[in-house]
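A.B. asks: Right, I'll just put the structure down here and ask away after.
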Amino acid sequence: MNADPINPDINTAGVQFLDLPNEQIESAKAAFSTRNVDLSRAKYLIAGEVQPQPGDLVLATIKRIGQHASDLPPTSGPV
């Protein structure tokens, strides 16, 4: 899907709107700052040439631990 499903008049060149499976939301770890966000309303994953704006939620995958690796316990659980 390449048109903005919420507002089709927005220029979406270089942006993709992908369906967001419930399993992906359920398996994601949420930051404390998102504790009051109703994630059941999340329907799309926006990908491509887009930069997050203030207020946007970001779903990311950590591919490697860099600078602060020594601060994390081996289990990546609570300290």
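A.B. asks: Here is a list of conditions, (1) modelled with pLDDT of 80 or more; (2) in a loop (DSSP other than H, G, I, E, B); (3) open to solvent by less than 100 Å² (accessible area, probe 1.4 Å), and Gln53 meets all of them except one; can you say which number that is?
C.D. replies: Exception for Gln53: condition (3).
A.B. asks: Being surrounded by 11 or more Cβ atoms within 10 Å (Cβ to Cβ) and either out of contact with any Asp or Glu (no Cβ under 8 Å at 6 or more places or on another chain) or in a loop (DSSP other than H, G, I, E, B) (or both) is the filter here; which residues of segment 23-46 pass it?
C.D. replies: Hits for segment 23-46 are Gln24, Ile25, Ala28, Ala30, Thr34, Val37, Leu39, Ala42, Lys43, Ile46.
The values are calculated or read from the model by the stated rules, or taken from the named source; none is laboratory data. Everything numeric in this text was worked out from a predicted model, so none of it was measured. In this analysis, Cβ positions are derived from the backbone assuming ideal geometry, glycine residues included, and neighbour counts consider all displayed protein chains. Side chains are part of the model used for accessible areas, which takes the heavy atoms of the whole protein and leaves out ligands, DNA and RNA. Shrake-Rupley method; radii C 1.70, N 1.55, O 1.52, S 1.80 Å.
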